[in-house]
1. If G23 passes every condition in (1) open to solvent by 40 Å² or more (accessible area, probe 1.4 Å); (2) over 23 Å from I150 (Cα atoms); (3) not aromatic (F, W, Y) but one, which one does it miss?
2. Please state which one of T110, T148 is touching a strand residue (DSSP E or B) at 6+ places or on another chain (Cβ under 7 Å) and of a type outside the set (D, E).
3. Is it the case that segment 88-102 has a residue that's over 27 Å from G130 (Cα atoms) and either touching a residue at least 40 places away in the same chain (Cβ under 8 Å) or more than 12 Å from the chain's Cα centre (by Cα) (or both)?
4. Name, by its number, the condition in (1) over 18 Å from T102 (Cα atoms); (2) open to solvent by less than 60 Å² (accessible area, probe 1.4 Å) that does not hold for T160.
5. Check G181, G101 and return the single one that is outside any strand (DSSP E or B), modelled with pLDDT of 95 or more and open to solvent by less than 50 Å² (accessible area, probe 1.4 Å).
6. Only one residue in T188, T144 is under 25 Å from G71 (Cβ atoms), modelled with pLDDT of 95 or more and among the β-branched types (V, I, T), so which one is that?
7. So is T134 without any contact (Cβ under 8 Å) to a residue 60 or more places away in the chain and crowded, with 21+ Cβ neighbours inside 10 Å or not?
8. Return the pairs, sorted by first residue and then second, in which the second residue is assigned to a strand (DSSP E or B) and charged (D, E, K, R), the first residue lies in segment 170-199 and is in contact (Cβ under 8 Å) with a residue 24 or more places away in the chain, the beta carbons are less than 7 Å apart, and the residues are 6+ apart or on different chains.
Amino acid sequence: RTTAGASFISNGATSIMTLNVYGNYMMNGDTVKAGGASGAINMNINGNFSMSSGTINANGASSVSNIKVKGNYSASGTAIMINTGAGCTSVVHLCLPTGSGTMMVDNTSTGTWSGTNIFVDAGCTAQLDGNFSTTTGAATFGLTVNGTLICPSAYVVNGTRVFTLNSGGTLQVAHAAGINGAILTTGTKTFSPSANYMFIG
């Protein structure tokens, strides 16, 4: 699906909107919004998700946007993921199961982001296909790895927010300076001693 300027809006209190895409979703100028208090947006994208412009907004008080991507993921240009309601959060799950292919990810977005946590889910693998920024919200938000993150030598995790590698997760890096060269975010960095660490090449 390729859209430009379409609107998917759920305004009822506690209402839940679910958008299931069984192919690719190229978002270019759309608005996806949960406007009702305690509402939710659930986006399940089984193909590639490319967000070059447009807005995903958890707008109602305490509303949530929950996005699961099983194909390649990229955010660029003026893409916006915001929370304008009090107590709202957004979550992006990179969730292509390990063994089902290589999920290529980057988020060179220059748009406006707030309150968004990004996860590499347990049992899933994501590989950088560009620099990946942790600057997706306030200081407590960023990138959390519960599965496997592969960092080729050409790309790094940068930005100003949190990077967390949890127990059971795996970090593979190919940068000549090792982890210090691959994980450059200036926010809090947490590396579990029970995680797995691999140097490639």
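The values are calculated or read from the model by the stated rules, or taken from the named source; none is laboratory data. Only a predicted model underlies this, so the values are computations on that prediction, with no experimental measurement involved. So basically every Cβ, Gly included, is an ideal-geometry build from the backbone, and we count neighbours across all protein chains shown. With ligands, DNA and RNA removed, areas are computed over all heavy atoms of the protein, side chains included. Shrake-Rupley method; radii C 1.70, N 1.55, O 1.52, S 1.80 Å.
1. (1) is the only condition that G23 fails.
2. Details: T110 fails: touching a strand residue (DSSP E or B) at 6+ places or on another chain (Cβ under 7 Å).
Answer to the selection: T148.
3. Taking segment 88-102 first, the residues over 27 Å from G130 (Cα atoms) are 88.
With the extra rule that they be either touching a residue at least 40 places away in the same chain (Cβ under 8 Å) or more than 12 Å from the chain's Cα centre (by Cα) (or both), the set shrinks to 88.
Taking every residue of segment 88-102 in turn, at least one turns out to be over 27 Å from G130 (Cα atoms) and either touching a residue at least 40 places away in the same chain (Cβ under 8 Å) or more than 12 Å from the chain's Cα centre (by Cα) (or both).
4. Every listed condition holds for T160 apart from (2).
5. Numbers: G101 fails: modelled with pLDDT of 95 or more.
Sole residue among the options that is outside any strand (DSSP E or B), modelled with pLDDT of 95 or more and open to solvent by less than 50 Å² (accessible area, probe 1.4 Å): G181.
6. Values: T188 fails: under 25 Å from G71 (Cβ atoms).
Sole residue among the options that is under 25 Å from G71 (Cβ atoms), modelled with pLDDT of 95 or more and among the β-branched types (V, I, T): T144.
7. Details: without any contact (Cβ under 8 Å) to a residue 60 or more places away in the chain: yes; crowded, with 21+ Cβ neighbours inside 10 Å: yes.
It is true that T134 is without any contact (Cβ under 8 Å) to a residue 60 or more places away in the chain and crowded, with 21+ Cβ neighbours inside 10 Å.
8. I183/K189
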